[in-house]
1. With both partners inside the chain, how many of the DSSP beta bridges are antiparallel, as a percent to the nearest 5?
2. What angle do you read, to the nearest 10 degrees and between 0 and 90, between the alpha-carbon axis of helix 97-106 and the longest principal axis of the chain?
3. Taking neighbour Cβ counts within 10 Å as the exposure measure, how do VAL182, VAL300, VAL9 sort from fewest upward?
4. Expressed as an acute angle from 0 to 90° and rounded to the nearest 10, what is the orientation of the C-alpha long axis of helix 223-232 relative to the principal long axis of the chain?
5. Let me see the pair-distance distribution of segment 176-281: every alpha carbon pair, 5 Å bin width, integer percents in order.
6. Among ALA293, ALA115, ALA21, determine the one that fluctuates most according to a GNM of the chain built with springs between C-alpha atoms less than 10 Å apart.
7. How much mean residue ellipticity at 222 nm does the chain get from its helices, if each DSSP H run of length 4 or more adds -39500 (n - 2.57) and you divide by all residues, to the nearest 500 deg cm²/dmol?
8. Which length gain, in nm to one decimal place, applies between GLU161 and VAL318 when the Cα-Cα distance is subtracted from 0.36 nm times their residue separation?
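Please treat every number below as a calculation from the coordinates, not as lab data. From a predicted model like this one, the values you see are computed outputs, not experimental measurements. Cβ atoms come from the backbone with ideal geometry, glycine included; neighbour counts cover every protein chain shown.
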Amino acid sequence: MELRTVLVVGTGLIGTSAALALRKHGVRVLLADRDQGAVRLARELGAGEEWVLGSPAAEGVDLAVIAVPPAHVASELLELQRHDVARFYTDVASVKAEPIDRATQLGCDLTTYVASHPLAGREKSGPGAARHDLFLGRPWALCPTQEARPDAKAAVLKLIELCGANPVEVSAGEHDRAVAVVSHAPHVTASAVAARLADATDVALGLAGQGVRDVTRIAGSDPGLWLGILSGNAAPVAEVLEAVAHDLAEAASALRALAEGDGTATGELTQLLKRGVAGRERIPGKHGGPASAYAVVQVVIGDRPGQLARLFQVCDEVGVNVEDVRLEHAPGLPLGIAELSVQPDAAAPLIDALRERGWQVP
């Protein structure tokens, strides 16, 4: 299957990122969006050519990628198919069962349509946040129905390949239950924690460290966008949140008992914390499979241009690959801590090299 021309309907973060990735491979990309400002910005970023329904420029489209909120996928699909816009169709919404059911009800042609969902994103939205490498190495679910033609599936697999993602075939229902656990419920949980900060005192906020930033990072996403996602996957998300709420209620009860002098309540808390450790360890590593155990090298770094480049230059000089990096700023001071995750046997040589070059390693 070769994709020469692709139509992207919806020039938000995901749609524009897919368009940019396709353009890197020389694919002609047409862009459509009800928000003229968004499609104009996507075009200026080099994502493709602007297109409107009925334009002759749509002739010869191999695949239409519908990048709109879940509730609008089926109606967009129906409209595009009525005008025979493309040979094949897919969508990239984060919910799958509801759009497929709605498309069936509307009488859409399911033989040329394969639902899909790239498991990638950012807390920022809109075409301005798009990146051509957003999907690189990320899983991309595809959920073909029994009616879907093999060549329709092949077209979506080619899209996934060109975007640099890893295809994962799964049923729509299983997909929705899975993302409820790994994406949708965590977002609501992060929002609940972040909501507590709205009424926090200045003293509390002044003591905020990296932990609360990590937990609440995704809570900064667009509420309107997430309302649509959660509404489309309401039942599976509710089940996960009920289980989380049960664990939190048990933890709160144990803490109340501890506050009243009942030392036996520590057992319940310990079990929850251990389950948390076990669950986190099951998250796949950066190349898939079990997560690797890295050594963390902490380096004091100034908040000045070029400091990270200098730090990575040392890593390059001694042949140490940085598996991950995170920065923690020191409140009120023009410096912070860079935490470099490296292979355990590379930590000591890197520390020696850094100290030799004048870096402060705690």
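1. On the way: 19 of 40 bridges.
Around 50 percent of the beta bridges assigned by DSSP in the chain are antiparallel ones.
2. 20
3. Values: VAL182 11, VAL300 14, VAL9 28.
Ascending number of Cβ neighbours within 10 Å: VAL182, VAL300, VAL9.
4. Taking the Cα atoms of the chain, the angle to 223-232 is about 70 degrees.
5. Bins of 5 Å from zero give 2, 11, 16, 19, 20, 18, 10, 4, 1, 0 percent of pairs.
6. Of ALA293, ALA115, ALA21, the Gaussian network model singles out ALA293 as fluctuating most.
7. Working: 14 runs with 166 residues, N = 362.
The per-residue figure over the chain is -14000 deg cm²/dmol.
8. On the way: separation 157, 0.36 × 157 = 56.52 nm, distance 3.43 nm.
Taking 0.36 nm per residue and subtracting the Cα distance, the gain is 53.1 nm.
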